[in-house]
Amino acid sequence: MAISKIIRISEKLAELKRKQEEEGAQRLAAKNKLPYMDLSVFPINAEVLYLLPEKEAHRGNLIVLKRQLDKITVGLVDPQNPETRAILENLATKYGCAVSLVIISLSSLQRAFKFYQVKVSDVPLVGKVTINKKYLDEFNERVKNITELKDRINTLSTTEILETIIAGSLKTGAGDIHIEPGKQIRLRYRIDGVLQDVANFPEKSYKFLLTRIKLLSDLMINIHDQSQDGRFTIQIVEQVSEDEKKVLQEMETRVSILPEGNAETVVIRILGAGIEKLDIKNIGLRETTFQTLLREVQKPNGLILNTGPTGSGKTTTLYSFLNYLNNPKIKIITIEDPVEYRLPGIVQTQISKNYSFAQALRAILRQNPNIVMVGEIRDEETAQIAIQAAMTGHLVFSTLHTNDATNTVHRLIDMGADIKTLPDSLNAIIAQRLVRKICPKCKEEYEPDKETLLKIEKVLSIVSPRARLELPKTRKLFRSKGCPDCFGLKYRGRYPLFEVLTMNEEIRKLILNRASAFEILVSAVDAGMLTLYQDGVLRALEGLTDLEEVERVVGKPGYLEELYERAVSQSLTRGITIAEEKKNKLEKESKERSNIEKILAKDPQEELLGDIIAFSLLLRATDIHIEPTQSDLLVRCRIDGILQDIAKLPKIYHLPLLGEIKILGGLKTKQFTGVQEGRFNIDFGDKSLDTRLSIISGGYGETAVIRILGLSEDVQTAEGGLDLKMMGIRQEIYPLFEKEFHKPTGVILNTGPTGSGKTTTLYGILQLLNVRGTKIMTIEDPIEYRLSGIIQTQIDEAAGYTFAKALKSFLRQNPNIIMLGEIRDEETAKIAMQASLTGHMVISTLHTNDAASTIQRLINLGISPGDIASAMNAIMAQRLVRKLCPNCKKPYKPDAATANEIKETLSSLPKNIKAPNLSSITLYKPKGCSKCKNIGYWGQVGLFEIMIKDENLQNLFAKGAQTLEIKKAAQAGGMITLRQDGLLKALDGLTSIDEVERVTGELEKAEI
Ligand SMILES: [Zn+2]
Ligand SMILES: [Zn+2]
């Protein structure tokens, strides 16, 4: 009590003393007919202080208060002091302007002197805050997190506050600074889109800060009850020498001051914050989305809209595209409010109170630019001119405030867009949001709870296969604890989410028919669009952000449930899950194959399809056939290339089962004629399998065939990769063949009928060639197996994306190796040959009977014999035979005729192949046991005929020689035929003579 009283008394005394001092100064001012100023009320501008060096100021007891164009205002204590007068004269000469004088008190002067301590701001310019690079570096060194920043601000002198606040915002990457009065003055930064409390400071500092900001921004200091807008520049400088500074960076700000109660709220927005490098490759678009957009922005005209709320990164994305499209041959003009970032080579204009977007756009179109960017479409007029411009040969970029891409269509219609021309003028509607990135330094993986998992499954299940995305296999999410690296905020930086709607026939029709936004959404998602939410969930699974953040920014989409319901019931595809326990249970029950039929016949309807699929997969089926006969429903599986009956079920199962399969494959349930094709996913234990479904109507009703894509276990390594050596190429041949596919250019063809394992062999080759520095691209129909590190694409005949078209566009990307799923036509054959002759390695497949006949087939496809001779490296023919079950195979002595045939066929074995002992021949035949499900065979192995081009063959190719002649020459050069390879494998007990006959018999007959 006593102490506080003493303080109060001493304060009172000090106040009294100051009052006397001020009164003295006032009298002196009156006497000299000069104005008087109290610097405890009027703020001191630290930036103009430096017009007079500190030493001189002390010597002459004066300071500079203000600088205007034609005069400098100086505050002084004694106008009669000769020192003072001398310095004043110097000042006038130095700056070539008038000096006006103001009388101040000694305590005001001393107060002003303290401002020289502010080392941070020393370039005397109004409208600019200058921060020394050295100060920033030191700041960055000392202030590691928000707590330290808070401490720093609380201990600062008022004069240093603004610089520190700005330095802090630059350090944390804050886009805007909020100074909000209340019980305490609150300082907040918007970091990565979210307001974060930084510090509270005393009212005294606030008043000073407010005045300083108003002065800087050229606003009225004495107005407190009106909103005011202004701007200033932040300059980062480097002190090169004692009186020379280099400007390193300049940033524009927008200042907005709003009255709030008895005080004012200040928001300083730093423009261009976070724009570092405008590179479309780095803005966070998925490869497929990027390609889609690239196609749209390269069109000569049309509208590209980016939608989203303020601060969603819309403009940066559009800037990046402009920057990408910018070249001296095209004219780009922007209309902005304000110009946020300068793009060299682009004419950027700014609207004002009297110059609206619509007016500016009209004026600019008269200059006939190729590309126009309109900062924002805010009104009907602008919308209509923009659409018109897009229709009349301009590419127009703009932004719009809408929630998502599909709703934008209706927003444009509401703004008066003509529904008839709208679909044709729209190229793409992008919706964008920024989510905060989880700090990579302190993030950790975790298992989401059941509810979250279910949500993720739903979101992923409605990703259309047309999105051409590889969906993540794991369901792990990430979270962070906070660390110094992220200032304890758990997040660091931001990442964009995108939703891109482009036009197709169906969406065009929907718009014309005034379909609802939801109908457009369903169609767009079906066509492969990822919604913002889906993109967000995928980004969360990729560990870039978390679900909470995605939902904060995108909201919980109401459409999700509805879309999912639709997906289940109709247009979108989905999958079926067979859990590990179920799999194990069925595996036990199906030890005897004959049990399967009994189990299926007793199955409740809802379990029947799942069980059929599960049993088929346990039997390693590659396709499942569900066929009605006159009296039954037959379930058959292709196992190791051969159809096997699995079960005969009552025919009443037919309709419900087909209905369920159609729903699963996203097909029309009410259609019973013609051909329908679809696909779905099977999660089988820990494996995820893709399928192709086709339904064909026949005499007894519809037949369903489910083809299971993926690799046979026979050729898989323990790690799940592919092993070319396990496929059955003879070890004498393998090194020679290997040399061929390691060559930098040429063509390698694998021939044979469907199901002969051709593609798998090519995959095996690609896997061996897939090393760093080699660019491999594939064009397939469909992609059957994913190879990491290889760019795999799929053709889409219906959309006109054919093998030939894909190949042409690939060559522009200059890959080292191209795998072409199949050469089907003349055009593809010709481009493939050209590709190899221009320095690429091309591997592909072809439907021919054997290696030698491929040459005539290529000639028939229009390839010149000369090109074949120079392009071809090797041609192989391949078949698959079933492997005998090692557990139950039975040895036997073949009859004389068979033995003779074997001897004769093998008599022409090339010298490099070790001939078996043929004096006593033992062969093996299948029997059947529980290990092979009573089939007698288990697994497959390849038969190979590999024709490697040597000089002799090259000459024959060049001549366009007949097949037989080529075959003989190839055999003489070391080629072993399919049949020879088969017989050798039969003698080894690997397969049976029946199998060899089955796959090569046709060949032999053709030859005789
Ligand atoms: Zn962290
Ligand atoms: Zn067996």
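Restricting attention to region 437-452, the residues that are part of a helix (DSSP H, G or I) and either in contact (Cβ under 8 Å) with a residue 24 or more places away in the chain or within 16 Å of ligand 1 (Cβ to nearest atom) (or both) total 1. Figure legend. Inter-residue proximity from region 242-259: first residues under 16 Å from Tyr135 (Cα atoms), second residues not in a strand (DSSP E or B), beta-carbon distance below 8 Å, spacing 6+ or different chains. Indicated pairs: Lys245/Val123; Leu248/Lys133.
Condition test on Ile268, is it within 35 Å of the chain's Cα centre (by Cα), more than 30 Å from Ile791 (Cα to Cα), modelled with pLDDT of 85 or more and of a type in the set (Val, Ile, Thr)? Yes: the conditions hold for Ile268.
Checked against the criterion of being more than 16 Å from ligand 1 (Cβ to nearest atom) and open to solvent by 40 Å² or more (accessible area, probe 1.4 Å), the candidates Pro894, Pro916 yield just one match: Pro916.
Filtering region 70-99 to residues that are assigned to a loop (DSSP other than H, G, I, E, B), open to solvent by 90 Å² or more (accessible area, probe 1.4 Å) and free of Cβ contacts under 8 Å to residues at least 12 places away in the same chain leaves only Gln80.
Taking every residue in region 915-944 that is more than 25 Å from Thr761 (Cβ to Cβ) and within 16 Å of ligand 2 (Cβ to nearest atom) and pairing it with any residue that is assigned to a strand (DSSP E or B) and open to solvent by less than 30 Å² (accessible area, probe 1.4 Å), at least 6 positions away or on another chain, the pairs with Cβ-Cβ distances below 6 Å are Tyr924/Leu884; Pro926/Leu884; Pro926/Tyr937. Being more than 16 Å from ligand 2 (Cβ to nearest atom), farther than 27 Å from Glu562 by Cβ, part of a strand (DSSP E or B) and in contact with a strand residue (DSSP E or B) (Cβ under 9 Å, 6 or more places away or on another chain) is a condition met by no residue of region 453-476. The one condition from (1) of a type in the set (A, V, I, L, M); (2) under 16 Å from the mean Cα position of the chain (by Cα); (3) within 16 Å of ligand 1 (Cβ to nearest atom) that Leu497 does not meet is (3). Considered as a group, the residues in region 847-878 that are closer than 21 Å to Glu738 by Cβ and outside any helix (DSSP H, G or I) include one that is farthest from the chain's Cα centre (by Cα), and that residue is Ala851. Just to check your reading of the model, which residue among Lys985, Lys959 is away from ligand 2 (no atom under 16 Å from the Cβ) and under 27 Å from Gly866 (Cβ atoms)? From the options Lys985, Lys959, the qualifying one is Lys959. Among residues that are assigned to a strand (DSSP E or B), of a type in the set (S, T, N, Q) and within 17 Å of Ala174 (Cα to Cα), Thr253 is included. Every condition in (1) under 32 Å from the mean Cα position of the chain (by Cα); (2) closer than 21 Å to Gln630 by Cα; (3) among the hydroxyl-bearing types (Ser, Thr, Tyr) is met by Tyr653 except one, and the failing one is (1). How many residues are within 21 Å of Glu296 (Cβ to Cβ) and open to solvent by 80 Å² or more (accessible area, probe 1.4 Å) when one looks only at region 346-390? The number of residues fulfilling the criteria is 1. Checked against (1) within 16 Å of ligand 2 (Cβ to nearest atom); (2) at pLDDT below 95, Leu820 passes all but condition (1).
What number of residues within region 477-491 satisfy the criterion of being outside any loop (DSSP other than H, G, I, E, B), within 16 Å of ligand 1 (Cβ to nearest atom) and at pLDDT 85 or above? The total comes to 4.
One residue stands out among those in region 219-261 that are open to solvent by less than 70 Å² (accessible area, probe 1.4 Å) and among the hydroxyl-bearing types (Ser, Thr, Tyr): the one that is nearest to Ile179 (Cα to Cα), which is Ser256. Among the candidates Pro472, Pro465, Pro440, the residue that is under 14 Å from the mean Cα position of the chain (by Cα) and surrounded by fewer than 20 Cβ atoms within 10 Å (Cβ to Cβ) is uniquely Pro472. Against the test of being modelled with pLDDT of 85 or more and open to solvent by 20 Å² or more (accessible area, probe 1.4 Å), the options Glu561, Glu597 yield a single qualifying residue, Glu597.
Each row is one residue, and each column tells you yes or no for (1) in a loop (DSSP other than H, G, I, E, B); (2) more than 25 Å from Val941 (Cβ to Cβ).
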residue: Ile695; (1), (2): no, yes
residue: Glu702; (1), (2): no, yes
residue: Leu736; (1), (2): no, no
residue: Lys743; (1), (2): yes, yes
residue: Asn750; (1), (2): no, no
residue: Gly755; (1), (2): yes, no
residue: Ile765; (1), (2): no, no
residue: Ile779; (1), (2): no, yes
residue: Arg786; (1), (2): yes, no
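Just one of the numbered conditions (1) more than 16 Å from ligand 1 (Cβ to nearest atom); (2) assigned to a loop (DSSP other than H, G, I, E, B) is not true of Ser398: (2). For region 608-620, filtering for residues that are open to solvent by 10 Å² or more (accessible area, probe 1.4 Å) and within 36 Å of the chain's Cα centre (by Cα) leaves 3.
One residue alone among Leu649, Leu667, Leu657 is surrounded by 14 or more Cβ atoms within 10 Å (Cβ to Cβ), in contact with a strand residue (DSSP E or B) (Cβ under 8 Å, 6 or more places away or on another chain) and either part of a strand (DSSP E or B) or of a type outside the set (A, V, I, L, M) (or both), and that residue is Leu649. Of the candidates Arg433, Arg411, the single residue that is open to solvent by 50 Å² or more (accessible area, probe 1.4 Å) and either more than 16 Å from ligand 2 (Cβ to nearest atom) or assigned by TED's automatic domain parsing to the domain that holds Ile387 (or both) is Arg411.
With respect to the conditions (1) touching a strand residue (DSSP E or B) at 6+ places or on another chain (Cβ under 9 Å); (2) hydrophobic (A, V, I, L, M, F, W, C); (3) open to solvent by 60 Å² or more (accessible area, probe 1.4 Å), Cys932 lacks only one, and its number is (3). For region 150-160, indicate whether the set of residues that are assigned to a helix (DSSP H, G or I), open to solvent by 40 Å² or more (accessible area, probe 1.4 Å) and among the hydrophobic types (A, V, I, L, M, F, W, C) is non-empty. Among the residues of region 150-160, not one is assigned to a helix (DSSP H, G or I), open to solvent by 40 Å² or more (accessible area, probe 1.4 Å) and among the hydrophobic types (A, V, I, L, M, F, W, C), which makes the answer no.
The values are calculated or read from the model by the stated rules, or taken from the named source; none is laboratory data. Predicted model, so just to flag it, every value in this text is computed and none were measured. All Cβ positions, glycine included, derive from the backbone under ideal geometry; neighbour counts span all protein chains shown. The accessibility values were calculated without ligands, DNA or RNA, using every heavy atom of the protein model including side chains. Shrake-Rupley method; radii C 1.70, N 1.55, O 1.52, S 1.80 Å.
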